[in-house]
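Some notes on the structure that comes next.
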Amino acid sequence: MKTLPRFCLREGLTTRRHVRPRVRPLTIIVTLVLWAGGIAAGPRTEASEPSVRPESPLAALRRDGLPRKVLLGTVISGYGVFSQPLEKRLQRMDELIEAMAARARGDYPAKRLDLAVLPETFLTRPGDSLAKQAVRLEEVLPRIAACARRQGCYLIVPLLLQETAPPLRISNAAVLVDREGNVVGIYRKVHPVAPQGSDVVENGTTPGREFPVFECDFGRVGIQICFDLLYADGWEALARQGAEIVALPSASPETVHPSLYALQHRYYIVSAAPRDHAAVYSPLGVIEAEVTKEDVLVHQIDLSYALLHWEAVLEEGEGLRRKFGDKVGFHYYRPEDAGIFWSNDPGAPIAQMIASLGLSESDANVERVRRLQDLARGGPPVTP
């Protein structure tokens with residue numbers, strides 16, 4: 001398991017080995033995001049007065065709010081479980097969530113596990129047809145609920161779900177239960193894949209229609225599943241509804257799209273897969289913690305954070321650390337000239353800390369400089 005060392009989480013230190021530019025340099029992703037945003041916005045023309053882009057209410061909430069520590073758990077499960085009967089898969093679910101809870105108790109003794117995520121179609125029967133593979137929610141919900149209650153965490157369990165209302169429909173879905181085992185909601189995969197050469201999506205599953213965001217006691221959670229990565233609409237819809245964490249149960253270990261969406265929409269993404277890679281992606285589009293072999297991963301984030309680009313007074317985070325000591329935490333990525341910062345002081349928001357250095361968040365500063373540019377040139381730039 002690769003994750004930031006404990007002293008980095010406590011004191012805000014970082015080294016080059018914590019950045020993975022071989023996967024997706026942040027500068028390339030920024031270029032893609034800005035390019036896509038320009039296309040969506042359409043051509044711009046000269047104007048006598050520079051426009052002002054309002055700040056997202058969620059951005060103000062996360063920056064100005066008090067600390068909100070959230071402990072995430074995920075896993076690379078291996079493929080062995082997918083050939084097992086349903087009962088064995090339920091047993092494996094219990095084992096994996098217990099392993100996450102045990103890791104949480106060892107690494108974060110003062111914090112309980114908040115959210116655990118399993119890979120795509122984890123609770124499914126083996127079989128040669130979709131009807132044989134599907135399960136009814138009432139068959140597995142008692143075991144899922146008991147597992148969540150035992151560990152005191154929210155739990156996302158993907159399954160091939162046989163819908164209760166006729167006609168016969170089967171969804172590639174993920175059920176979210178709370179700490180007491182109550183169903184918070186179900187996400188049904190909107191974009192199931194159709195292999196090239198076939199006109200049937202995932203052996204006949206019915207695509208979902210909605211992109212819900214679920215209220216948890218620690219924040220707002222959305223879900224996307226595997227091939228949803230290839231479609232931007234769900235990720236955008238979750239952002240518009242204020243998702244702060246997006247769970248990505250998947251059969252694929254892909255990293256580029258999650259990095260792009262995390263950066264573009266400023267939320268955390270936690271992925272789970274059967275092979276190669278599971279991770280927590282920060283709103284900078286950078287992998288904060290990961291596993292690359294069969295293992296569980298437990299990682300703490302703070303949903304009240306600030307994103308800062310390089311400034312001399314910041315000193316790559318050392319300016320804040322010198323002033324606030326362990327009361328401030330951060331990951332600074334020197335090759336990207338950017339960092340994510342949070343407060344460890346229950347009575348002080350991170351906004352107050354960065355303001356003490358005369359700083360504002362990256363997005364606010366980019367907008368401030370854009371207005372200055374427009375004023376200096378007499379209007380916005382003309383683009384084709």
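Give the residues of the range 290-330 whose amide nitrogen is closer than 15 Å to a point set 7 Å from the Cα of Asp276 in the direction of its Cβ. Those under the cut-off are 291-294.
Here the Karplus curve 6.51 cos²θ - 1.76 cosθ + 1.60, taken at θ = phi - 60°, turns the phi angles of the range 296-306 into couplings of 9, 10, 10, 8, 9, 10, 10, 7, 10, 9, 10 Hz, with x standing for Gly and Pro. Structural descriptor for the range 143-200: relative contact order 31 percent, calculated from alpha carbon pairs under 8 angstrom and at least 6 residues apart. Peptide packing for 309-318, 223-232 was compared via the average number of neighbouring C-beta atoms within 10 Å per residue; ordered from the highest value, the list is 223-232, 309-318. Report the FRET efficiency, 1/(1 + (r/R0)^6), for Lys88 and Asp345, where r is their Cβ-Cβ distance and R0 is 56 Å, rounded to 0.05. The value I calculate is 0.75.
Here are a few candidate values for Rg and Dmax of the Cα atoms in Å: (1) 21.8, 69; (2) 19.4, 61; (3) 20.3, 66. Which one was actually calculated from the structure I just gave you? Here the calculated entry is (1). Taken about its Cα centre, the chain carries a charge dipole of roughly 580 debye when the Cβ of each Lys and Arg holds +1 and the Cβ of each Asp and Glu holds -1. For the range 194-201, the Karplus equation 6.51 cos²θ - 1.76 cosθ + 1.60, evaluated at θ = phi - 60°, returns couplings of 10, x, 4, x, 10, 9, 10, 8 Hz by residue, with Gly and Pro reported as x.
A crude spin-label estimate for the pair Lys293 and Arg322, with each label 7 Å from Cα along the Cβ direction, gives 4.2 nm. Stretched out straight at 0.36 nm per residue, the stretch from Ala364 to Glu315 would grow longer than its current Cα-Cα span by 15.7 nm. Near the amide H of Val246, within less than 5 Å, lie the amide hydrogens of Gly222, Tyr268, Ile269, Val270, all on another chain or at least 5 residues away, with H placed in the peptide plane.
Computed from backbone phi with θ = phi - 60° and the Karplus coefficients 6.51, -1.76 and 1.60, the 3J(HN,Hα) list for the range 206-220 is 8, x, x, 10, 10, 10, x, 10, 10, 7, 10, 6, 10, x, 9 Hz; x is used for glycine and proline.
Amide hydrogen proximity for Val184: with H placed 1.01 Å from N in the peptide plane, the residues at 5 or more positions away or on another chain lying under 5 Å are Leu176, Val177, Asp178. What's the FRET efficiency of Leu372 with Asp64 using the Cβ-Cβ distance as r and R₀ = 22 Å, to the nearest 0.05? Calculated value: 0.35.
Protection proxy ranking of 61-74, 198-211, by the mean of other Cβ atoms within 10 Å over each peptide's residues and highest first, is 61-74, 198-211. Near Ala289, the amide H atoms lying under 5 Å from its own belong to Val280; only residues 5 or more places off or on other chains count, and H is placed 1.01 Å from N. For Lys69, a cut-off of 28 angstrom between C-alpha atoms picks up these lysines, skipping any fewer than 8 places away in its own chain: Lys2, Lys111, Lys293, Lys323, Lys327. The value of relative contact order for the chain, using C-alpha pairs under 8 Å at least six residues apart, is 24 percent. Take the Cβ atoms of Arg136 and Glu210, set R0 to 22 Å, and the FRET efficiency comes out at 0.60.
Loop-located GluC sites (Glu not before Pro) in the range 256-300 (DSSP state other than H, G, I, E, B) with a sparse environment of at most 16 neighbouring Cβ atoms within 10 Å: Glu294. The chymotrypsin sites (Phe, Trp or Tyr not before Pro) found in the range 77-129 that occupy coil by DSSP, while having at most 15 further C-beta atoms within 10 Å, are Tyr79. Among 92-105, 254-267, sorting by the average number of other beta carbon atoms lying within 10 angstrom of each residue, highest first, gives 254-267, 92-105.
Since every read-out is calculated from the coordinates, none of them should be taken as a lab result. The model shown is predicted, which means the values in this text are computed figures rather than measured ones. Please note: Cβ atoms are built from the backbone with ideal geometry, for glycine as well, and neighbour counts cover all protein chains shown.
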